[in-house]
Structure formats: structure tokens, C-alpha cells
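Following: one structure in C-alpha cells, then a few remarks.
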Amino acid sequence: MGMTAVEKIFSKHTGKDVKAGEFVFADVDLILSNDITSPLTVEQFEKIGAKAVFDKDKIALVPDHFTPNKDVQSASNSKLLREFARKHGITHYYEIGRMGIEHALLPEEGLTLPGDLIVGADSHTCTYGAVGALGIGIGSTDAAVAMATGKLWFRVPQTIKFIFSGKLRPWVGGKDLVLAAINKIGVDGARYMAIEFSGDAIRELSMDGRFTMCNMAVEAGAKTAFVEPDEKTIEYVKPKAKRSFVPEVSDPDARFAQEIQINVDDMEPLVACPPSPANVKPVSELKDIFIDQVVIGSCTNGRLEDLRIAASVLKGKTVHPRVRMIVIPATQRVYKDALKEGLLEIFLDAGAAFSTPTCGPCLGGHMGVLAEGERAISTTNRNFIGRMGHPKSEVYLANPAVAAASGVLGRIGGPEEVLS
Amino acid sequence: MKIKGRVWKFGRDVDTDAVIPAKYLNLQDPKELGRHCMENIRPDFAKSAKPGDIVVAEENFGCGSSREHAPLALKGLGISCVIAKSFARIFFRNCVNIGLPILEAPEAVDAVQDGDELSVDLESGTVEDITRGLKFKANPMPQLAREIAEAGGLIEYAKQHLL
């Protein structure tokens, strides 16, 4: 019986062949924590009584959620994180002005490589599946123990394989594919499991599109996500990598928990309606829904390709007078590239706000919190009750083209309506 | 350990943004977090819940964000145990790691109603609905999760086994 890529990566990190269902302590290659999960991590780390972290090069600390500090309490938390980083000589600490949203930043920095086992005190750590790594979301206590010992407990998950066949239509991308997958299996369809995204449509997809897909696997309950590394993956990681890596792939006779086929030939852009990422409808069915705000950004859709797509819809257009559009590049590099390519000018000319990288509005932190009764369309990942602000506000999740088009229309709509 | 408390019943897919909204994530004190627990979906919960009370929920409790603030908020409020048909995985491990008792007991969840009086034996996994005179058995916890819980949480476990 063959092994899944996930079983192989776990085997490599436990020093013995392990199968789905087994409980193991595994060595981790990288531990991530941010400004909202780190204060608890630091508190727990002190309780362990370890004098030093297990490896100062294998920890990444990124103040990205409530930064630039939104209030005094957030400033204190960032300070705590900064002081911990200094005290332990953490190599990969990223200060404001040199940082980005963690799940966009770490792959960009070459810290997430094929075959890695990475844990992060953030549920969207599963994003790293796009480079053929296992990224697993954990809690703050987990992160503290991993920082002290380099190890953590896991149950080796089974894998659900999605096979996307066919050719994507214009304006349909990774966001739509992952929304289709979540819709298919529900918000707990992959609970305790890994998801492997495969098929022709995935091979055709850019790295940015693959990041978007793996990022939202957790919205189907998944422990981690995985895309088999190919030429695109190697081309992406090789110039960034500062250490060697060994890509892993699932054996042809590996046992999957489920294999699900989705043909994308007729798929149109999809929108997840509140209050669940699984509540998915084609954009053409949602044309009477007026919006107050558009958010383009986040660890899901704040990469360069996302901004290019949004800008291509917005070029020469203006944001509807009743709408606020907030564009947030995911990293400083994305910001600079957007500037160089002239995207920034398109957003500003259209009447959008353009911000320094932050998770900000995605989780109702700052930089675009919604009032009672307000409605946003957003390229982010969650539309739970109160996610972006008031419990009586609403969030619709969409790809960057739909978000940009909706901003021009003042209601939910697709790019064809704006460009025709 | 035996626990006795009144039931607060919730539906399926209660996410951690519902358990503790993100605007409070710059806090860490369990008691302070507890004051805002569930405020977006059940505003009376944090005001009226008494120490020892038990949260009962349908499938996939604690989905979404990894925030450990969610089990901490429940703990800070004095919730003695969470019983659900199933738990989202990060929430599950956070509870094991910080020592908030959790049980998967699908049949109990179907029978138990809001306000019922429960008696829970964590060792044997027995859930007794005193109000209705019914008894249920929870699914057994995985061995390693039990060992971590018995050590008093992951920090104590790590001190004993990993350092």
C-alpha cells in the first residue's frame, strides 16, 4: 500500500513510517506566531522554564494582525513579541515596514519549502501546502512547547483528494475553486483530515492561486492542505530557498479517504454568502445585493496577482460613490511591485484607499471595521457573524475581480458587467 | 473528576469568532475574556452563566480561528466542560493543552436541552442528565490526549516528557 504525501512528510519528521490515524510527536521545521497569538505563547513559554528556544533560526514572529498598533493594548502585545524576539535572538522577526501578512510573507522569504512540516499559531498556516509543505494551525500553548522543544503532538491525518478537471473561464481562479470545494464537503467536511488539490486545473493555476486555495482549506475543517510540487513550485521556491529541500508526492496507490472530482469548464465566479464560507452561490445569482465596503487583500487574496486582477477591472473606472474600497497588499514586496507596475495609481485614481500590509479588517480588527447593518464584499476568508465588525454586519467572500467589479457597481456583480 | 452544572445549548459550527470576537484578542486574562464570551450570538450567556455550567453543542464546535482565547474565555467564565457531537481540531487540541475538559457525546447532545442539570464523570466519560433521568457514554478520548490532560495540560506534559 502506497503512502500519501502527508504520511510521507510525517514519516520523515518522526524518523519512522507512520500511517494516517497514528498519534506521533514530530520534529518541526518552522514555528510561526503573530501579535495576537504570541502574548499567550510567551506566557506559556515562561512556564515551561526553558532558558532558550530550541533553534532561533526556526521560529518566525510576525506582528501583522492589529498592526501598525491599533491601540495601547495592541502596542503592548507587539512590544512583548518584539522583546521576546530580541531576548532569544530570533532570526526571522519582521518589523513594521519590513513585514507582511504572515502566510504571504514566509513563502516569499523562502522559509516554507517543499517537504517541510510547519506549525503556526494561526489557523491559516495551511497556506504553505501551495509549496508542497505541510502547514498546520495550532494554538498558543502548542507554539510555546514547539519553540522550547522543536517537537509537537499530532494525529497523522487521512487525505481527501480533490481532482479539478477542465479549463478555467476568464475571471475564475483559486478562490472560486476552493469555495466550490468547501461548498461540496461543508465547513467540517475535512475535519481532522488533509486536503490534496490536484488535476489539470490546479497544474494550470499560478502559485498565487494555489496559495489562495490551500489558505482556505481550514474553512472546510482541514488540518492541512497540499499541492503536489511541480515545475512552477520549484521555479517559485528555488531562488528563495536558503537550505536544501526534498519534495514529496503521494504514491499512485496511496489510500485517500475520498476522491472528489470537480469539472471547472462551466464554473463562473463564486461568492460565499454570510454567515458561512460553505454558503456558496454563483455571482450571477446575487445581483441585487448592495454593498457599503470592498476589501481587497489578506493572506487569502492580497498577493501581486490578486492586485493585478483587481486593477485590470478598475482601470479607468471609479469606485461607486456609496462604497469604500480598501486595498491592502499582503507584503511590503507586493506593495512595491504594485507601485512599480502602476497598480497603485489605478487604485488611487479609482478612489480606493491603499494601506500598508495588515490583517486588519479581515477579522474586524481595524482599517475597515463595519457598523451595524453594513455589508462588505471581501477577498478574505471568513464571513462568520460579526467577523468584520458589528454582529449585524455582513461579509460576502469573493475573488479579487468580483470584489473590484462590485466596488464599481455598488452592488455584487461580476467583472463582465463593468468591462462590457 | 465529577462535574455538575446547568446546560447552555448551542447549535452546529459555533466558530471561535463567536466564542470570543477578534476585537478582544488583545486581551489575555481569562476572566476578562470570559465577560465577552459568545456575546455576538448569545448576549445573555456571559452575564448569566455560573461557575460549573456546561456548554453543549452540535457538530464542529470551535471551528475557524486558532485563537486559544476561545477555550480560555470559556474557562475564565467558569465553564466546567464542553460536550459536543464533534470539535474542530485546533479547538480540540487547545482544550487538551490548557486543561478545559471536553467530551464527544453525540447521543447526549441530541437528548440534552438548554437548562438541564448534568452530572459528568470525566474519567469514565459518563454524561448523566439529572433533569431527564438519562445516562450516556461519551466517545473515548485518544490515549495521548488523555495523557496530556492527566498531566494537567501540555506545559506540564512537556516538562515531564519532552525536556
* For residues in the range A:44-59 being within 15 Å of A:Ala121 (Cα to Cα) and touching a Ser or Thr at 6+ places or on another chain (Cβ under 8 Å), which is nearest to the other protein chains (Cβ to nearest Cβ)? -> A:Gln44
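A quick yes/no check of all residues on (1) surrounded by 22 or more Cβ atoms within 10 Å (Cβ to Cβ); (2) of a type in the set (D, E, K, R); (3) facing chain A (nearest Cβ under 8 Å); (4) on the phi > 0 side of the Ramachandran plot:
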| residue | (1), (2), (3), (4) |
| --- | --- |
| B:Gln28 | no, no, yes, no |
| B:Phe45 | no, no, no, no |
| B:Cys63 | yes, no, yes, no |
| B:Glu68 | yes, yes, yes, no |
| B:Asp110 | no, yes, no, no |
| B:Glu117 | no, yes, no, no |
* **Residue among B:Leu33, B:Leu122 that alone is under 30 Å from A:Met216 (Cβ atoms) and among the hydrophobic types (A, V, I, L, M, F, W, C)** => B:Leu33
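Every residue, every condition in (1) part of a loop (DSSP other than H, G, I, E, B); (2) surrounded by fewer than 24 Cβ atoms within 10 Å (Cβ to Cβ); (3) within 11 Å of the chain's Cα centre (by Cα); (4) among the aliphatic types (A, V, I, L, M), yes or no:
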| residue | (1), (2), (3), (4) |
| --- | --- |
| A:Gly209 | no, no, yes, no |
| A:Val218 | no, no, yes, yes |
| A:Ala241 | yes, yes, no, yes |
| A:Ser250 | yes, yes, no, no |
* Structure fact -> The correct count of residues that are in contact with a strand residue (DSSP E or B) (Cβ under 9 Å, 6 or more places away or on another chain), within 22 Å of B:Arg89 (Cβ to Cβ) and touching a residue at least 60 places away in the same chain (Cβ under 8 Å) in the range A:150-188 is 20
* Asked: Mind checking whether some residue in the range A:379-394 is more than 30 Å from B:Ile41 (Cα to Cα) and crowded, with 18+ Cβ neighbours inside 10 Å?
  -> no
* Out of all the residues in the range A:48-63, which are charged (D, E, K, R) and within 17 Å of B:Gln160 (Cα to Cα)? -> A:Lys51
* Within the range A:347-372, can you find the residues that are in contact with a strand residue (DSSP E or B) (Cβ under 9 Å, 6 or more places away or on another chain), within 14 Å of chain B (Cβ to nearest Cβ), under 23 Å from A:Asn69 (Cβ atoms) and assigned to a loop (DSSP other than H, G, I, E, B)? -> A:Cys359, A:Gly364, A:Met367, A:Gly368, A:Val369, A:Ala371
* To do: With a cut-off of at least 3 residues that are within 14 Å of another protein chain (Cβ to nearest Cβ), name the strands (runs of 3 or more DSSP E) lying wholly within the range A:95-200.
  => A:117-120, A:134-137, A:151-155, A:193-198
* Structure fact -> Per the filter on the range A:173-200, residues out of contact with any helix residue (DSSP H, G or I) (no Cβ under 7 Å at 6 or more places or on another chain) and among the aliphatic types (A, V, I, L, M) are A:Leu179, A:Ala180, A:Met193
* Structure fact -> When B:His36 is run through (1) under 27 Å from A:Asn381 (Cα atoms); (2) under 14 Å from the mean Cα position of the chain (by Cα), the failure sits at (2)
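A short reminder: the numbers here are calculations on the coordinates, not readings from a lab. Model, not experiment: these values are computed from the prediction. Note that we place each Cβ from the backbone using ideal geometry, even for glycine, and neighbour counts take in every protein chain shown.
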